Amino acid sequence: MALVFEPGRVVYDPNDRLLRLFATDGLMLVKCAISKAALAALEDDALAGPEAMVETYWRNRDQIQEIADRKYRNRQFESGTVVVRLEDLTNLQNAAGHPIAAASGFHLPAQAG
């Protein structure tokens, strides 16, 4: 059974630098997330802040949810959460239809503070 994502439950977690998503598998809640680096690889605009990350998620949600669903079915969890990472984006295209270079050495700037 495929995960059913809850559309209204998307929130940025600055401590873990993840955009948190929630889905269900039947009656079971499944915690999912996508890393800031993965969002930035999809669209540079995601680096503008939490609201921009949420917008990037919405524009690319089909691809993100497909990856999260696959990782869930393969039982690929990080501390009980399915996390879509930069390396999971290999062979995908961003919302503009351009290839995502997940293996290109993309790095986020160090977080201040």
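The values are calculated or read from the model by the stated rules, or taken from the named source; none is laboratory data. In this text, all values refer to a predicted model and were calculated from it rather than measured experimentally. Here the Cβ is made from the backbone with ideal geometry for all residues, glycine too, and neighbour counts use every protein chain on show.
Could you give me the residue pairs with C-beta distances under 6 Å whose first residue belongs to region 27-56 and is more than 21 Å from Ala2 (Cβ to Cβ), whose second residue is surrounded by fewer than 21 Cβ atoms within 10 Å (Cβ to Cβ) and among the charged types (D, E, K, R) wherever it lies, and which are 6+ apart or on separate chains?
Sorted first by the residue in region 27-56, then by its partner, the pairs are Ser35/Arg85; Lys36/Arg17; Ala52/Asp45.
What pairs come out if I take residues in region 68-90 that are without any contact (Cβ under 8 Å) to a residue 24 or more places away in the chain and pair them with residues that are surrounded by fewer than 20 Cβ atoms within 10 Å (Cβ to Cβ) whose C-beta lies under 6 Å away, six or more apart or interchain?
Glu87/Ala102; Thr90/Ala102
Of all the residues that make up region 1-56, how many are outside any helix (DSSP H, G or I), under 11 Å from the mean Cα position of the chain (by Cα), of a type in the set (Val, Ile, Thr) and modelled with pLDDT of 95 or more?
Residues meeting the conditions: 1.
Of everything in region 1-26 that's hydrophobic (A, V, I, L, M, F, W, C) and without any contact (Cβ under 8 Å) to a residue 60 or more places away in the chain, which residue is farthest from Asp69 (Cα to Cα)?
Val11
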